[in-house]
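In what follows, a single structure is set out as structure tokens and then discussed.
None of the figures in this text is laboratory data; all of them are computed from the coordinates on show. Fair warning: this is a prediction, and the values are worked out from it, not measured in the lab. We place every Cβ from the backbone using ideal geometry, glycine too, and count neighbours over all the protein chains shown.
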Amino acid sequence: METLGLVSVAVTLFYMLLGERMVNMRKMYLASREPVKNHLLNCALLKNLDNGSEDITVFGDGLAFISNGLKYPGVSSSDAPGKIFLFDLKASAMGPVELPISGNIDLETFNPHGISVYTHPTNGTVYLFVVNHPHHKSQVELFEFVERGSSLLHRKTFKHKLLHSVNDIVALGVDRFYATNDHYFSDAVMKITVEPLLGQPLTNVVYYSPEMVKVVSNGYYFANGINISPDKRHVYVTDITAHNIHVLERKEDNELTTIKSIALGSLCDNIEVDPKTGDLWLGCHINLMRMFYFDPENPPGSEVVRIQNILSEEPVVTQVYADDGHVIMGSSVATIYGGKLLIGTVFHKALCCDLE
Ligand SMILES: *[C@@H]1O[C@H](CO)[C@@H](O)[C@H](O)[C@H]1NC(C)=O
Ligand SMILES: *[C@@H]1O[C@H](CO)[C@@H](O)[C@H](O)[C@H]1NC(C)=O
């Protein structure tokens, strides 16, 4: 009798704890947040691009690399292997084109996620860094952009035990970068079951170089996008399920110290930085529950947020675009060039709008 009593108390406590953890997870995912619409006048979906545009980076004179076909634990995706597209924002009606890839890389398991461009300061060679998840593992690929004939030449793969669940990177040189780990666990099943229920700040930012690989910042619930200020002195990291962005200062040894975090009230993913103004453009999710439990009847919406004067006492956070998911679902990145706003998504299409 007594043992039975203890067992039922234990079972009851377990369910209470589980219930409490589920309520916490729903808060982190903004599960009750209703999609909203805040449209721009002139928008068009990009041609020939289904199956996602998770990260986008503009380089040179209005060209953009787009990572496509991400397969991410718990999120809807296509069966087709991932690809990299090139898009010319000066000729947006043309649509993006797939870049042929050569070199020693398995294209069948190519699963591109966060990307970053590094332009060689003396000879102008454009390098593309790509977070890749073959078989749900994490590694970083380095490509050289061959402008003649427009293709990518695979140069190198970076692997390290600290690069265990990489989401995004920002390149610092041809052989060095900062990377975010978005989960504590590396195993795909643990990532979508135990970790969201734990809901603890167990993720981090890693510095990678040939001389040294180290954790340089930690305490994020779900570290996601990362980017750097035009003067390279500050680094920005979104903590998607904490609904904020961290502003960090770079130290001599590439350590990062947090200056502040800014509440965003949204689930912000990748960060792009306007090289002229230093403004930040964020692709955000309105409701992560709708991302993880995809239902076409209640699609995940999209939201674009701009942050101006981020280093000042009073940064200005503005919602520039929002959609309820009937135009564009699950925005993960936003970037600008020449009066145009380009919005990418985890598994859907990409949208190009006139800002004015
Ligand atoms: C998108 O993925 C589907 C398979 O899930 C595939 O049939 C289709 O060709 C892909 N579209 C593009 C443009 O890659
Ligand atoms: C630019 O410099 C890098 C590193 O020194 C080299 O690997 C690359 O081939 C150079 N590119 C051109 C176009 O000269």
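Given R₀ = 25 Å, FRET efficiency for E108-R155 by Cβ-Cβ distance, to 0.05?
Working: r = 20 Å, r/R0 = 0.79.
It comes out at approximately 0.80.
Can you tell me, using C-alpha contacts under 8 Å and at least 6 residues apart, the relative contact order of region 79-177 as a whole percent?
Values: 191 pairs, mean separation 24.2, N = 99.
After rounding, I find 24 percent.
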Pairs of alpha-carbon atoms within less than 8 angstrom and 6+ residues apart define the contacts here; what relative contact order does region 164-250 have, in percent? 23 percent
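What is the order of T119, T180, T318, fewest Cβ neighbours within 10 Å to most? Don't skip to the end; give the middle numbers.
On the way: T119 13, T180 26, T318 10.
Fewest to most other Cβ atoms nearby, the residues stand as T318, T119, T180.
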In whole angstrom, the spacing between the Cα centers of region 52-116 and region 309-348 equals 18 Å
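Calculate the dipole size of region 244-342 relative to its Cα centre from +1 charges on Lys and Arg beta carbons and -1 charges on Asp and Glu beta carbons; express the result in debye to the nearest 20.
For this selection, approximately 140 debye.
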Nearest 10 degrees is fine. How inclined is helix 2-28 to the longest principal axis of the chain, computing both from alpha carbons? 30 degrees
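Looking at this model, which pairs from K159/K251; K90/K232; K232/K276 are more than 20 angstrom apart at the alpha-carbon? Write out the running numbers ahead of the final one.
On the way: K159/K251 24 Å; K90/K232 27 Å; K232/K276 13 Å.
From the list (K159/K251; K90/K232; K232/K276), the Cα-Cα distance tops 20 Å for K159/K251; K90/K232.
Only Cα pairs under 8 Å and at least 6 apart count here; give the relative contact order of the chain as a rounded whole percent.
Details: 954 pairs, mean separation 62.9, N = 356.
With pairs under 8 Å counted, the relative contact order is 18 percent.
So for each of 224-232, 323-331 I average, over its residues, the number of other beta carbons within 10 Å; can you give me the resulting order with the highest mean first?
Working: 224-232: 18.7, 323-331: 22.0.
Peptide ranking by packing, descending: 323-331, 224-232.
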Looking at the chain, which Cys residues are left with no other cysteine's beta carbon under 4.7 Å from theirs? C352
Quote the charge dipole size of the chain about the Cα centre in Debye, to the nearest 20; the model charges only the Cβ of Lys and Arg (+1) and of Asp and Glu (-1). 300 debye
Taking the Cα centre as origin and putting +1 on Lys and Arg beta-carbons and -1 on Asp and Glu beta-carbons, what dipole magnitude results for region 289-356, to the nearest 20 debye? 260 debye
For the chain, with +1 on Lys and Arg beta carbons and -1 on Asp and Glu, the positive-most of G60, V170, I262 along the dipole: V170
Springs between alpha-carbon atoms under 10 Å, Gaussian network over the chain: tell me which of H39, H164, H113 tops the mean-square fluctuations. H39
Go through 4-13, 243-252 and give me the packing order, highest mean Cβ count within 10 Å leading. 243-252, 4-13
